[in-house]
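The values are calculated or read from the model by the stated rules, or taken from the named source; none is laboratory data. Predicted model, so just to flag it, every value in this text is computed and none were measured. Virtual Cβ from ideal backbone geometry, glycine too; neighbours counted across all protein chains shown. Please note that ligands, DNA and RNA were not included when accessible areas were found on the heavy atoms of the full protein model with its side chains. Shrake-Rupley method; radii C 1.70, N 1.55, O 1.52, S 1.80 Å.
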Amino acid sequence: MIIKCPECGHNVSDKAPMCPGCGVEIAGHIRQCGRCGNIYLDTEPSCPTCKEQQMKEEPVAPSQPVTATVETRETQTEELEPIVRVLDYEEEAVRPMPKPSAAPNKTEGKGKATLMVSFLIAALICATMLYFYKDAIDNNQQDSEQLSQQIGEETDENGDATEGNEDTQNGDDGQEGNVLTEDDSAAEELKTDSTDWVQARSINTKESYNRYTALHPNGKHVAQAEEAIKKLNVPTLTQAESQKAFNSVRSFFIAINKKDREALSSTVAPVLTSFDGKTAAQRSDVIQYMVDLYQADVKNLNWHLGNVTNINKHSISDDRFEYEVIIPAKKVTERENSTSTIEYIVRAIVNPDGKVSAMNMTRKQ
């Protein structure tokens, strides 16, 4: 049956070897007062409640007598299993138990282990959070320093505005106060303009650039914002566009290989923004370049194009685009007594009409 531990008052079975609360021995070591019914340890000389002296007697027997269990075994065999369990339990209960002071407290050991694991997990979490927090602080500090440097550079460029007002300080006090106020306002506007531009550029979306131009319609970076918006409006380069741009460059070199002036002239725009280092080049300049390649001792000349390195699409108006083609090339020149091969990096611009509008060939080192 369930009793209260005489030592700590914890609920415990009278068959338990010891109290789980304080570790005092229970089974075979308790008595029940015949006068008041109180349960106490057999080491007490009298009942702690009523002080009734007790005769030396056997410890309080379990709630289910052993003799009844034996009789039940003889009369009804199917109850053999619970009887055996009772007898085993009784045998276990009467074994000598270690003193409470010597008994290991498994609950306390488990509690310490759990506490230690919890402490280690908490320390790990704190270390991780501290690392990410420090990393975020460092990044913010770097961004702030960069922003301050950019703002400082742009402010220095316009620093002459304040110095230019020194001559006005010889006037009356009222006029001097007005000049200083205007300068302060201009400096604050310049600082705000630079700050908003840095923010718009860091976000790099049409919305961020539109917000900048709305806040600063006469701002220092309006033209840059409009150019950035134009680039963001460029649709994705398609496979057909990429192939068309490559074919335009390829036709240019095929015409040189064939030494065909008319074909070469048809592959380029009337005026090239840049050709072989020359700005505003004419078609005649392109023809002369081909003529210079075929010197008197040249028997044959061939350009060989490699795989396209890169093709970029740029907007020049709402529905018109130009294409920048970067491609490696080799020029093989056969002469009477020798053959030479020179490698180049070709950078060409193909306009919306499919004509080469710029062409520069950089020799590889």
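Values as computed for the structure displayed
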quantity	calculated
In the stretch 193-209, the residues that are open to solvent by 50 Å² or more (accessible area, probe 1.4 Å) and either part of a helix (DSSP H, G or I) or of a type in the set (A, V, I, L, M, F, W, C) (or both)	GLN199, ARG201, SER202, ILE203, LYS206, GLU207
Test: residue in the stretch 43-54 that is among the charged types (D, E, K, R) and surrounded by 17 or more Cβ atoms within 10 Å (Cβ to Cβ)	no
Odd one out for THR333, checked against (1) farther than 17 Å from SER274 by Cα; (2) open to solvent by 30 Å² or more (accessible area, probe 1.4 Å); (3) of a type outside the set (A, V, I, L, M, F, W, C); (4) part of a strand (DSSP E or B)	(2)
Yes/no for THR339 being polar (S, T, N, Q), open to solvent by 40 Å² or more (accessible area, probe 1.4 Å) and under 53 Å from the mean Cα position of the chain (by Cα)	no
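Let's see how each residue does on (1) under 28 Å from LEU237 (Cβ atoms); (2) of a type in the set (Lys, Arg); (3) at pLDDT 95 or above; (4) part of a strand (DSSP E or B):
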| site | (1), (2), (3), (4) |
| --- | --- |
| ILE254 | yes, no, yes, no |
| HIS304 | yes, no, yes, yes |
| ASN312 | yes, no, no, yes |
| SER317 | yes, no, no, no |
| ALA329 | yes, no, yes, yes |
| ARG347 | yes, yes, yes, yes |
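Table: residues versus (1) in contact (Cβ under 8 Å) with a residue 40 or more places away in the chain; (2) surrounded by fewer than 15 Cβ atoms within 10 Å (Cβ to Cβ).
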| site | (1), (2) |
| --- | --- |
| PRO235 | yes, yes |
| LYS244 | yes, yes |
| SER274 | yes, no |
| ALA280 | no, yes |
| SER284 | no, yes |
| MET290 | no, no |
| LEU301 | yes, no |
| HIS304 | no, yes |
| SER317 | no, yes |
